[in-house]
Amino acid sequence: MDKKILDVTCGARTIWFDKNHPAAIYCDKRREEYNHLWKNAGNCTLKVEPDILCDFTALPFPDNSFSLVVFDPPHLTGAKETAWLVKKYGKLDDNWPQMLHDGFAECIRVLKPDGVLIFKWSEYDIPAEKVWRAIGQKPLFGHHSGKKSGTFWGCFMKLPELERRIGGNDGTVDI
């Protein structure tokens with residue numbers, strides 16, 4: 001495979017400087033376009049155009065495929081379906097701990113040994129500590145950013161101990 005980078009939840013690719021990086025595959029479970037989403041932004045369009053339609057909890061790639069995986073899952077739980085933030089980022093349901101756990105396990109599965117996973121999380125509705133508990137891991141290191149430092153960027157690496165066991169919110173799961 002000539003693509004070394006996988007973004008499993010690309011959305012509108014807003015975190016990317018090069019939204020069509022030649023080494024990246026962009027995935028999302030939706031393909032959507034919204035016009036005039038923001039009343040004060042004039043004629044703007046939000047496009048969610050993944051290369052591959054798929055759910056991050058069941059990635060269609062072989063084990064050990066990518067050197068870098070980007071995981072920026074939906075972070076909202078209480079917003080209405082019609083909210084522009086939901087249209088832009090998606091929304092989690094009540095099963096979010098298991099969903100994030102399964103998605104994290106899939107990201108690790110498709111990472112090559114010594115591969116890097118960048119996990120972006122907005123603490124808008126759920127604190128990062130609850131997410132780390134759900135996935136069973138804390139990042140190696142990370143950084144808070146944003147106007148109110150509400151976004152957390154975490155870095156994980158597929159090391160043998162991480163690959164063997166990923167703890168869940170209800171026990172430990174082999175991957």
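The values are calculated or read from the model by the stated rules, or taken from the named source; none is laboratory data. Quick caveat, the model's predicted, so the values are computed rather than measured. In case anyone asks, the SASA skips ligands and DNA or RNA and just uses the protein heavy atoms, side chains included. Shrake-Rupley method; radii C 1.70, N 1.55, O 1.52, S 1.80 Å.
Compactness ratio of the stretch 99-157: Cα Rg over 2.2 N^0.38 Å, N = residue count? Spell out each step's value before the answer.
On the way: Rg = 11.6 Å, N = 59, 2.2 N^0.38 = 10.4 Å.
In units of the 2.2 N^0.38 Å rule of thumb, it is 1.11.
Let me check I have the definition right: for the stretch 39-143, take the eigenvalues of the Cα gyration tensor, multiply each by 5, take square roots. What are those semi-axes in whole Å, largest first? Don't skip to the answer; put the middle values down first.
Numbers: eigenvalues 128, 65, 35 Å².
For the stretch 39-143, the semi-axes come out at 25, 18, 13 Å.
Do you know the Lys pair count in the stretch 1-108 for C-alpha distances under 25 Å, with sequence separation 8 or more or different chains?
Value for the stretch 1-108: 28.
Output the 0 to 90 degree angle, nearest 10, between the alpha-carbon long axis of helix 96-110 and the longest principal axis computed from the alpha carbons of the chain.
60
In Å and whole numbers, how far do the C-alpha atoms of the chain stretch along each principal axis, longest first?
Result, largest extent first: 50, 36, 26 Å.
Please calculate how many Å² of accessible area the stretch 27-147 carries per residue, with a 1.4 Å probe and no DNA, RNA or ligand atoms counted.
Working: 6430 Å² over 121 residues.
Here the residues of the stretch 27-147 average 53 Å² of exposed surface.
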